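Asker: My questions will all concern the structure given below.
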Amino acid sequence: MPFSPSPASDVRDQQVADLAKALAHPARLRILRLLLATPGCIGGDIVDAVGLAQSTVSEHLRILKTAGVITGEISGPRVCYALNPEALALLSAFVASLVAPECEACHIPEQRAAS
């Protein structure tokens, strides 16, 4: 049966791609691990822990927040960041679905003999 994408799958694919793009930087992964380890982490603490310039961390936080991966709430002069695990449910489900079939559905060509 040939694969035929639907408008709904096109939308989901774009959402998964946007989430993956937001996570596609080692500094952003460090920020997520930090937020996981220290819920309610404050912006300045993130800069110290990640070891990058304030402007760089701010840009990474903006990207994560725009993608919905984190939330940021203003608390006085600071912003309190937290993980939004629901935002990653779609990406998590997609990655979990990438399981090789149990049958030998994939054809692996034989290596050509060295000439």
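The values are calculated or read from the model by the stated rules, or taken from the named source; none is laboratory data. Fair warning: this is a prediction, and the values are worked out from it, not measured in the lab. Note that we place each Cβ from the backbone using ideal geometry, even for glycine, and neighbour counts take in every protein chain shown.
Asker: Being basic (Lys, Arg), touching a strand residue (DSSP E or B) at 6+ places or on another chain (Cβ under 7 Å) and in a helix (DSSP H, G or I) is the filter here, so list the residues in region 43-98 that pass it.
Answerer: First pass over region 43-98, keeping only residues basic (Lys, Arg): 62, 65, 78.
Subset that is touching a strand residue (DSSP E or B) at 6+ places or on another chain (Cβ under 7 Å): 65, 78.
LYS65, the sole residue that qualifies.
Asker: Considering only region 27-53, state which residues are exposed (fewer than 12 other Cβ atoms within 10 Å of the Cβ) and over 18 Å from ALA82 (Cα atoms).
Answerer: GLY51, ALA53
Asker: In addition: Quick one: would you say ALA27 is within 26 Å of PHE94 (Cα to Cα), modelled with pLDDT of 85 or more and of a type in the set (Gly, Ala, Ser)? If you could, list the steps in order and put the result at the bottom.
Answerer: On the way: within 26 Å of PHE94 (Cα to Cα): yes; modelled with pLDDT of 85 or more: yes; of a type in the set (Gly, Ala, Ser): yes.
Here the answer is yes, as ALA27 does meet what is asked.
Asker: Here is a list: GLU59, GLU110. Which entry is at pLDDT 90 or above and among the acidic types (Asp, Glu)? Reasoning before the result, please.
Answerer: Working: GLU110 fails: at pLDDT 90 or above.
Answer to the check: GLU59.
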